[in-house]
Amino acid sequence: MSGQELIDHLLAPAGQVMLVIGIAEVLKKTGCPVKYIPLIDLVLGLASGIFVCGIELGYGFLKGVTAGLAIGLSACGLFSGIKNTLQKLTKW
């Protein structure tokens, strides 16, 4: 596996997850109801996966959708996991 393939397969999706978390945080700070953040994460993840993985990296639409779902769900779970952990740590 070349260095570029490693970046394409591992680092690009990780960066997409961080981007989705960041955009969702900005939306939340601007007044978007918190209950819609998981849906926003999923939509942003799907869009990102289809565009970056499906089109730019040439994996095709179905692999882009699959990657997008993984990105959106990871963004939602990663954010809530960190939030819950920090809440529990501050209670000690």
Checked pairs for the stretch 16-28, first buried (at least 22 other Cβ atoms within 10 Å of the Cβ), second modelled with pLDDT under 95 and of a type in the set (Asp, Glu), C-beta under 7 Å and 6 or more apart or across chains, list as 20/41; 24/41
Taking the stretch 30-46 as the region of interest, how many residues are open to solvent by 30 Å² or more (accessible area, probe 1.4 Å) and either within 18 Å of residue 78 (Cβ to Cβ) or of a type in the set (Asp, Glu) (or both)?
-> 9
Search result, residues across the stretch 48-78 that are open to solvent by 60 Å² or more (accessible area, probe 1.4 Å) and either in a helix (DSSP H, G or I) or touching a residue at least 12 places away in the same chain (Cβ under 8 Å) (or both) | 51, 55, 56, 61, 62, 63, 66, 69, 73, 78
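The values are calculated or read from the model by the stated rules, or taken from the named source; none is laboratory data. Source: prediction; values computed, not measured. Every residue, glycine as well, gets a Cβ built from its backbone with ideal geometry; the counts of neighbours run over all protein chains shown. For the accessible areas, the whole protein counts, side chains as well, though only heavy atoms, and no ligand, DNA or RNA atoms are used. Shrake-Rupley method; radii C 1.70, N 1.55, O 1.52, S 1.80 Å.
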